[in-house]
Amino acid sequence: MIGCFNKSVILTYLGTALSLFGICSLIFTAENEYISQTDIAVICLILAGICDLFDGAIARKCKRNETQKKFGVQIDSLADVVSFLVFPSVLLYFICGKSNPYWALVFTIIAFYVLCGINRLAWFNINTEKFDNTYKGLPVTYSALIIPCLYVFLGDSLLKSVLPAAYFVLGVLFVLNIDIPKPRGIFYIIFGILAIALITLIIVF
């Protein structure tokens, strides 16, 4: 088989599979009395974000040759397109665009969000060696934290109004030339606790 396989790459694949499951839950799964389609999808988005957060940390601890490092960068970005650009776009359309008279505006925001995201990922890939302690622009992975927070803490009617604007802002932040600190040490614990809290709130409420 072609490719390079290690613990970090397998974790990346797991995150992508969770994202695909989330997309399928929106498209094919009927509503039930226990948990909604959107709840399932948002939980999958959170879990995909956790996989992406920790695959980098695991990769840095793995002994890798130059080819394996380059493969890891490429596979991570390709997975990010699915998990944090396409998947959130389907989620936004499902929440705000299906029966919305302004669906064309929602689609325009989705296209802007995705295009900014792939632009950010391409820029990161050709400048990856320059990013040591900070990122330039907001990493697309942060969508897996910001979108679920909005989903949990905003009511249904407010969510439908705010979410498209939030996607537009995220798209701008993806390509804005600002320094974003890389998560280190305790931030992994904070993000993990926040993810567990969000999933618990989604399931309970």
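Summary of values
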item: Inter-label distance, nm, simple model (7 Å from Cα along the C-beta direction), ILE180/CYS4; result: 2.4
item: Relative contact order (percent, whole number), segment 7-204, Cα cutoff 8 Å, 6+ residue spacing; result: 26
item: In Hz, Karplus ³J(HN,Hα) per residue of segment 10-22 (6.51, -1.76, 1.60; θ = phi - 60°; x = Gly, Pro); result: 4, 5, 4, 4, 4, x, 5, 4, 4, 5, 5, 5, x
item: Label-reachable residues, segment 51-66, where backbone N falls under 18 Å from a point 7 Å from PHE187's Cα toward its Cβ; result: 51-61
item: Computed label-point distance, nm, for sites LEU158 and ASN125 using a 7 Å Cα→Cβ extension; result: 3.9
item: Contour excess over end-to-end distance, with Cα ends at GLN74 and VAL169 and 0.36 nm allotted per residue; result: 31.6 nm
item: Label-to-label distance, nm, for residues given as PHE112 and PHE205 (7 Å Cα→Cβ offset); result: 2.9
item: Relative contact order for segment 116-182, counting Cα pairs under 8 Å that sit 6 or more residues apart, in percent; result: 58
item: Local electrostatic count at TYR13 - Lys and Arg +1, Asp and Glu -1, tallied over other residues with Cβ under 12 Å; result: -2
item: Net charge, ILE46 excluded, C-beta distance under 13 Å - Lys, Arg +1, Asp, Glu -1; result: -2
item: Angle in degrees between helix 143-153 and the longest Cα principal axis of the chain, rounded to the nearest 10; result: 30
item: Zone of THR67's modelled label, taken as backbone nitrogen in segment 1-19 under 20 Å from a point 7 Å along Cα→Cβ; result: 1-10
item: Acute angle (nearest 10 degrees) that the helix 103-126 long axis makes with the longest principal axis of the chain, alpha-carbon atoms; result: 10
item: Protection-proxy order for peptides 156-163, 104-111, each taking the mean of Cβ atoms within 10 Å per residue, highest first; result: 104-111, 156-163
item: The chain: most fluctuating residue of GLY155, GLY15, GLY49 per GNM, C-alpha cutoff 10 Å; result: GLY155
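Rule-based calculations on the coordinates, nothing more; no lab input. Just so we're clear, the structure is a prediction, and the values are computed from it rather than from any experiment. Virtual Cβ from ideal backbone geometry, glycine too; neighbours counted across all protein chains shown.
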